[in-house]
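Q: Mind having a look at this structure? Questions to follow.
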Amino acid sequence: MAEWVEVARVSDIPPSTAKCVVARGLALALFNLDGEFYALEDTCPRDEGSLSQGDLFGDLVQCPIEACKYELATGHCITFDARVQAFAVKVDGAAVKVKLE
């Protein structure tokens, strides 16, 4: 059964930044894109780079090791045949919550 899990406070992640958070043993890259929050699996499947350490290019994050660029909303890689899981995110007051199965 899916449930919303608090993973951070809004103030923990300033606009245009990311942070690695762990929820239920899963490392997630949590992004704040001008007040809109996104969550992806943190590990790039091509080279195991941490996406939370990557550079943001609009609504894309680039893996810090390779040039893999992932869509924040879907986890789809636009540069290679790869994908990371994207998670639903909501802000509840000052809490940032991710929907986990």
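Q: By how many nm would the segment from Lys99 to Asp55 grow when fully extended, if each residue of separation counts as 0.36 nm and the alpha-carbon distance is taken off?
A: 13.4 nm
Q: Identify all aspartates and glutamates with a Cα-Cα distance to Lys97 below 20 Å; exclude those on the same chain that are fewer than 8 residues away in sequence.
A: Partners within reach: Glu3, Glu6, Asp12, Asp34, Glu36, Glu41, Asp42, Asp59, Glu71.
Q: If you don't mind, there's one more thing I want to ask. Roughly how many nanometres apart are two label points built 7 Å out from the Cα toward the Cβ at Ala67 and Met1?
A: In this crude spin-label approximation the distance works out to 4.8 nm.
Q: Also, I was wondering about something else. Find how much the distance from Ala88 to Thr74 grows on full extension, using 0.36 nm per residue of separation minus their present alpha carbon separation; answer in nm with one decimal.
A: 4.1 nm
Q: Could you tell me what % of all Cα pairs in the chain have separations over 24 Å?
A: Percent of Cα pairs beyond 24 Å in the chain: 15.
Q: If you average the sequence gap of Cα pairs under 8 Å that are 6 or more apart and divide by the length of the range 18-80, what percent do you get for the contact order?
A: 21 percent
Q: Just to confirm a number: summing +1 for Lys and Arg and -1 for Asp and Glu over residues other than Gly49 whose beta-carbon lies under 10 angstrom from that of Gly49, what do you get?
A: -3
All of the numbers you see were taken from the coordinates with simple rules; none came from a lab. Since the model is a prediction, treat every value here as computed from it, not as a measurement. Using ideal geometry, Cβ is built from the backbone for each residue, glycine included, and neighbour counts are taken over all protein chains shown.
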